[in-house]
Amino acid sequence: MKAINTFILTHVRSIEMIGVLMRISSFSLVSWMGEESPFLFVWAFNTLDAIILSWTAVLKGDRPYTILNVFWIGVGLVGILRASGVI
């Protein structure tokens, strides 16, 4: 795990940019396609970017950004459950 965290901290700006671009693209997909968008994919993609951004925020010690992205993980999990018909 230490090796992964070291890698992430070494490339933190690039990894954060990937997470941000993932979030932008997932919300853009919903905006463009509306109800025709693949909601399960969008929620899974959005939750993955929230995990990435949470991890970088925790490693950087950025508490507000950590809280924001952990919140998005929770929202994403609910979205995944709803899109898959579990709830």
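Quick notes on this structure:
- Top-ranked residue of the range 1-45 - restricted to ones that are more than 11 Å from the chain's Cα centre (by Cα) and of a type in the set (D, E, K, R), ranked as farthest from Trp72 (Cα to Cα): Lys2
- Selection count where residues are open to solvent by less than 70 Å² (accessible area, probe 1.4 Å) and either of a type in the set (A, V, I, L, M) or not in a helix (DSSP H, G or I) (or both), scope the range 69-80: 3
- Any hit, the range 21-38, residues being of a type in the set (Gly, Ala, Ser), outside any helix (DSSP H, G or I) and open to solvent by less than 80 Å² (accessible area, probe 1.4 Å): yes
- Test result for Trp55, open to solvent by 60 Å² or more (accessible area, probe 1.4 Å), aromatic (Phe, Trp, Tyr) and modelled with pLDDT of 95 or more: yes
- Within the range 3-20, tally of residues that are more than 14 Å from Lys60 (Cα to Cα) and open to solvent by 100 Å² or more (accessible area, probe 1.4 Å): 1
- Checking Ile18, Ile8 one by one, the residue that is touching a residue at least 40 places away in the same chain (Cβ under 8 Å) and in a helix (DSSP H, G or I) is Ile8 and no other.
The values are calculated or read from the model by the stated rules, or taken from the named source; none is laboratory data. Only a predicted model underlies this, so the values are computations on that prediction, with no experimental measurement involved. In this analysis, Cβ positions are derived from the backbone assuming ideal geometry, glycine residues included, and neighbour counts consider all displayed protein chains. Note: accessible area is taken over every heavy atom of the protein model, side chains too, but ligands, DNA and RNA are not part of it. Shrake-Rupley method; radii C 1.70, N 1.55, O 1.52, S 1.80 Å.
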